[in-house]
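In what follows, a single structure is set out as C-alpha cells and then discussed.
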Amino acid sequence: MAGKALIVVDVQNDFCPGGALAVDRGDEVVPLINTLAKNFEHVILTQDWHPAGHSSFASTHKGRQAFETIELPYGDQTLWPDHCIQGSDGAAFHSGLVWTKAELVVRKGFRPSIDSYSAFFENDHKTPTGLAGYLRERGISDITLAGLATDYCVAYSALDAAGQGFGATVQLDCCRAIDLSGSLEKMLGKMKAAGVALV
Ligand code: VGL
Ligand code: ZN
C-alpha cells in the first residue's frame, strides 16, 4: 500500500477517561486503531505536547475558565484545562496503543504562544509542522486519519490535508469527539464541504 499512510491523532492519556481533557469513550479507539493500522504500510502518530503555562490553558489567563474562547494575536482560541504537558504521563500515548510500526511522531503545540490542532499547521494556519513536506518526500499522497478528537485535532488535520492536496479520509468509527457547543456537527460539515471522505 505504497502512497498511503495512517495518521493516528493524539491517542494520549489526557484525552482518555481519567485524563485532564478526557474525551468521552476516548479509550475505545485504541483496539480499533491497532487493528486498522495492520492495513497500512506507513503509520504516523501525532502527539499534543505543550509546555507548562501554554497559551491554550485557561490557567494561563487570569479570570478565564476552561472551554471559554478568547482572542489571541492569530485569532480565536478555545481555552482548555492544562493537558498534555511535555514529559507527563498525561502526554504519553495510551498504554494499549501499539505504535511499534510508527515511522514518525509529529509533536505539536510546543510553542508557548500558539496552539496547534492540525498536524500540518499551527493555529495561525501559517506555521507548518513539516508533515506535508515529509509526506511528499516519501511519496505519500493519501492519508487516513483516526484518533482524538474528531472535532478538533482530527478535523483540522483532515481539512489541512485536503487543502494541501492530499487525499484525506477520516475513519469515524476510530475517532471520538469533544463536541463543545455543536463543534462536531460543524466540523463534519466543513470536512464534507472540503472533500474529506468520512467513512
Ligand atoms: C486537542 C484540544 C486541545 C485534540 C488538543 O487533540 O483534539 N483538543 N488540544
Ligand atoms: Zn492541546
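Summary of computed values
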{"item": "Any hit, the stretch 38-45, residues being aliphatic (A, V, I, L, M), within 16 Å of ligand 2 (Cβ to nearest atom) and part of a loop (DSSP other than H, G, I, E, B)", "result": "no"}
{"item": "Test result for ASP48, of a type in the set (D, E, K, R) and more than 18 Å from GLY147 (Cβ to Cβ)", "result": "no"}
{"item": "Of all residues making up the stretch 108-125, the number that are open to solvent by 50 Å² or more (accessible area, probe 1.4 Å) and within 11 Å of ligand 2 (Cβ to nearest atom)", "result": "1"}
{"item": "Any chance ASN34 is open to solvent by 10 Å² or more (accessible area, probe 1.4 Å), over 13 Å from the mean Cα position of the chain (by Cα), away from ligand 2 (no atom under 16 Å from the Cβ) and among the polar types (S, T, N, Q)", "result": "yes"}
{"item": "Subset of the stretch 12-27 (residues that are out of contact with any Gly (no Cβ under 8 Å at 6 or more places or on another chain) and either surrounded by fewer than 16 Cβ atoms within 10 Å (Cβ to Cβ) or over 15 Å from ILE178 (Cβ atoms) (or both))", "result": "GLY18, ASP24, ARG25"}
{"item": "Enumerated helices (runs of 4 or more DSSP H) restricted to the stretch 105-199, each holding at least 1 residues that are in contact with a Gly (Cβ under 8 Å, 6 or more places away or on another chain)", "result": "155-163"}
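The values are calculated or read from the model by the stated rules, or taken from the named source; none is laboratory data. Just so it is clear, the model here is predicted, and its values are computed rather than measured. All Cβ positions, even for glycine, are placed from backbone atoms using ideal geometry, and neighbour counts span all protein chains on display. To get the accessible areas, we keep the full protein, side chains included, count just its heavy atoms, and leave off ligands, DNA and RNA. Shrake-Rupley method; radii C 1.70, N 1.55, O 1.52, S 1.80 Å.
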